[in-house]
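To start, the structure under review is shown below, and the notes come after it.
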């Protein structure tokens with residue numbers, strides 16, 4: 001059913017002696033929406049530019065439908081790009097911008113007119129054909145850029161952070177539209193972003209990149225719920241990292257001690273030994289905040305509360321000084337529920353919703369990654 | 001109105017200065033030139049009544065028409081040479097690493113610190129019969145006897161190109177600086193090769209710079225009278241020489257003024273064309 005459209009193998013690239021991509025291999029299936037996600041400088045844009053032909057790899061090959069296109073010039077690749085800042089031709093009308101690619105193919109005039117009008121209709125810009133790019137809003141320019149790229153019916157559409165210049169609301173609208181376009185056109189989309197929320201909501205598969213290496217490749221659900229390593233867990237969404245220790249191993253089950261609570265879990269995919277320290281990962285929405293007189297959970301007090309409309313996000317300081325992020329939905333029974341700062345509570349979670357990760361050599365994120373991850377959340 | 005002037009003395013002072021400048025140092029002299037051009041030549045007072053268009057009629061005298069056409073031809077040739085050198089030069093300059101770019105622009109501007117008259121005399125030393133160039137060519141054995149380089153049309157054009165090339169390069173450099181790399185990549189991405197991208201994207205987007213450069217070179221190339229004076233001999237006159245001669249030697253002010261006005265109108269026409277091309281690119285009214 002799924003057939004490989006593009007494959008990259010052993011791609012390495014250095015700029016000024018610094019490795020941007022390191023022995024990277026990736027196959028992209030025909031018709032999928034795949035997202036390259038990572039902080040700035042992770043190599044995601046370089047990877048996209050290599051697919052487009054704007055950069056050549058130092059080593060490795062790029063194959064498109066079984067043809068080696070590693071050295072093929074961009075103008076001869078059946079792929080088109082939507083640029084981050086649109087890169088519209090400022091001296092041409094919207095119509096001429098969209099027609100450009102077809103004119104280069106020397107298509108007959110009538111066909112060009114028909115296909116351009118069709119492409120403009122697809123992005124709801126029929127009435128703007130005569131305008132110049134500078135007479136359009138950012139969102140409209142974005143649509144022209146998309147129409148210009150899809151009018152050639154490429155095998156693959158490469159999108160380089162196409163929504164980053166738009167405001168939040170418009171970005172949401174364009175996300176939905178891009179998904180609709182992809183469904184209607186059936187073209188493979190390769191989407192570059194540093195916005196993990198965007199990646200989760202749009203993609204069939206996500207490639208998480210860091211320092212030119214793939215950290216994880218999987219569906220949004222896999223990446224979010226079963227992060228392969230600490231970096232992915234931190235970069236995609238917010239996560240509580242609780243220190244755990246293995247206290248019992250029995251067949252496929254293990255016991256883990258977290259804050260003195262004993263949890264029964266299925267054995268993770270990595271090797272565990274008795275008394276091994278582990279990361280126990282819990283998303284804020286998996287945390288349960290209980291009354292102080294509850295018998296379950298760990299004691300703590302509220303140190304921060306944030307009203308988010310549909311959720312109430314809070315930070316709880318445990319007695320050992322560590323902080324826990326919790327995100328709770330308002331429910332119909334108690335629409336006025338709220339916390340006051342300093343309020344005593346107990347923290348627990350649904351047994352079995354934890355995700356375990358082994359401790360890694362260099363644990364803490366560097367400052368830059370922390371910043372990038374913060375950026376990505378907003 | 002009066003009140004606002006009282007309240008904002010600085011604003012008023014600036015306005016008076018600007019308008020005063022424009023009125024007395026730009027408008028008034030130009031009006032004097034226009035006035036002089038429609039008056040009659042007078043040996044004792046330079047100009048006198050009655051008003052007439054004799055001076056303009058005199059411009060069509062075949063003798064002056066010849067000078068004008070030859071001057072125009074030399075100016076166009078100078079402009080073309082400047083464009084041919086300046087365009088790739090500015091393009092390359094815009095692609096050089098930023099820090100080196102600043103150094104190169106600095107080197108481009110350094111000659112301006114020396115008076116152009118002095119630099120033209122320097123050129124004369126190079127082109128003279130036993131000047132640097134002839135000596136070099138002879139010692140290399142390329143030629144046996146000194147070539148006549150000075151007092152030729154070629155010498156005038158070399159002089160004009162030498163003096164005016166920076167005026168072509170600077171506006172071109174500015175448009176190449178504004179030329180966005182991703183727009184060129186987009187052109188390639190959509191199937192255009194190098195030549196098609198040059199023709200369809202680079203040329204139209206750098207056209208305002210070309211026109212600005214042409215304006216800055218073409219008109220001075222008709223007016224820089226000291227270049228033919230020093231390098232060209234009597235046969236390679238510019239319109240600028242004619243104007244200068246009318247005022248200083250022939251004492252025919254109306255005719256000199258009329259020739260100036262024709263030159264000014266040519267400039268205005270070019271400015272207008274430049275404005276149109278800019279508007280086409282959407283740089284105004286956005």
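All of the numbers you see were taken from the coordinates with simple rules; none came from a lab. Keep in mind that this is a model prediction, so the values were computed, not measured. Please note: Cβ atoms are built from the backbone with ideal geometry, for glycine as well, and neighbour counts cover all protein chains shown.
Going by the alpha-carbon gyration tensor, a ≥ b ≥ c the square roots of its eigenvalues, is chain B rounded (a/c under 1.5) or, if a/c is not under 1.5, prolate (a/b greater than b/c) versus oblate? It comes out oblate by the Cα gyration axes. For the stretch B:130-286, what class follows from the C-alpha gyration tensor (a ≥ b ≥ c being the square roots of its eigenvalues): rounded when a/c is under 1.5, otherwise prolate if a/b is larger than b/c, else oblate? Judged from the Cα gyration tensor, the stretch B:130-286 comes out oblate (a/c at least 1.5, b/c at or above a/b). Hydrodynamic estimate: the Kirkwood radius of the stretch B:221-282 over Cα pairs, inserted into Stokes-Einstein at 4 °C and 1.567 mPa s, corresponds to D of 99 µm²/s. Each helix, a run of at least 4 DSSP H residues, gives -39500 (n - 2.57); summed and divided by the residues of chain B, these come to -22500 deg cm²/dmol at 222 nm.
A straight line joining the Cα centroids of the stretch B:31-66 and the stretch B:155-230 runs 37 Å.
In the stretch A:1-49 the Cα-Cα distances spread across 5 Å bins starting at 0 as 5, 18, 26, 25, 14, 8, 4, 1, 0 percent of all pairs.
Rounded to the nearest 5, what is the percent of antiparallel bridges among the DSSP beta bridges in chain A? Around 80 percent of the beta bridges assigned by DSSP in chain A are antiparallel ones. When chain A is treated as a GNM with alpha-carbon contacts under 10 Å, the residue of A:324, A:190, A:236 showing the greatest mean-square fluctuation is A:324. Residue B:69 label point, 7 Å along Cα→Cβ, cut-off 13 Å on backbone N: hits in the stretch B:214-236? Within reach of a label on residue B:69: no residues. Counting only other chain Cβ atoms within 10 Å of each residue's Cβ, the peptide A:87-96 averages 5. Note: the stretch A:124-169, Cα convex hull, 95 Å³ per residue. In chain A, the DSSP-assigned H stretches of four residues or longer account for a calculated mean residue ellipticity at 222 nm of -7500 deg cm²/dmol, using -39500 (n - 2.57) per stretch and the full residue count as denominator.
Segment residue B:112..residue B:25, full-extension length gain: 28.9 nm, with 0.36 nm per residue of separation and the alpha-carbon distance subtracted.
Chain A gives an Rg/Rh value of 1.05, both radii derived from C-alpha positions and Rh following Kirkwood. Projection of the Cα convex hull of the stretch B:1-121, averaged over all directions and equal to a quarter of that hull's surface, yields 15.8 nm².
Overall form of the stretch A:133-212: oblate. Here a/c, set by the Cα gyration tensor axes a ≥ b ≥ c, is 1.5 or more, and a/b is not larger than b/c. Between residue B:76 and residue B:91, residue separation times 0.36 nm minus the direct Cα-Cα distance comes to 3.2 nm. Against chain A, whose longest principal axis is taken from its Cα atoms, helix A:168-185 shows a tilt of about 60°. Based on the Cβ-Cβ distance from residue A:73 to residue A:350, what FRET efficiency comes out when R0 is 45 Å, to the nearest 0.05? Plugging the Cβ-Cβ distance into 1/(1 + (r/R0)^6) gives 0.25. Each principal axis of the Cα cloud of the stretch B:68-119 was taken in turn, and the coordinate range along them, longest first, works out to 44, 27, 9 Å.
Taking every Cα-Cα distance in the stretch B:173-222 and sorting them into 5 Å bins from zero, the calculated P(r) comes out as 5, 20, 24, 18, 13, 9, 6, 3, 1 percent. Its Cα gyration tensor gives the stretch B:140-192 an equivalent ellipsoid; the semi-axes, largest first and in whole Å, are 42, 17, 8. Counting only Cα atoms, the size of the protein assembly as shown along its three principal axes is 119, 76, 55 Å, in decreasing order. Globularity index of the stretch A:69-114 is 1.32 (Cα radius of gyration / 2.2 N^0.38 Å, N = number of residues).
For chain A, set up a GNM with springs between Cα atoms under 10 Å and report which of A:143, A:253, A:183 has the largest fluctuation. Most flexible of the set in this elastic network: A:253.
Using the Cβ-Cβ distance between residue A:25 and residue A:180 with R0 set to 25 Å, the FRET efficiency from 1/(1 + (r/R0)^6) comes to roughly 0.20.
For the residues A:301, A:152, A:18, a GNM of chain A with alpha-carbon springs under 10 Å puts the largest fluctuation on A:18. For the stretch A:1-154, the fraction of alpha-carbon pairs lying more than 22 Å apart is 49 percent, rounded to a whole number. Taken over the stretch A:245-340, the percentage of Cα pairs per 5 Å bin, counting from 0 up to the bin with the maximum distance, is 2, 11, 19, 20, 15, 13, 10, 6, 3, 0.
Of all DSSP-defined beta bridges confined to the protein assembly as shown, some 80% are antiparallel rather than parallel.
Treating r as the C-beta distance of residue B:267 and residue B:143 and R0 as 51 Å, the FRET efficiency rounds to 0.80.
Under the simplified labelling scheme, the residue B:235-residue A:319 pair shows an inter-label distance of 11.0 nm, with each label point 7 Å from Cα along Cα→Cβ. Every Cα-Cα pair of the stretch A:178-329 was included, and the share exceeding 19 Å stands at 64 percent. Inter-part distance, the stretch A:1-56 to the stretch A:244-288, computed on C-alpha centroids, equals 35 Å.
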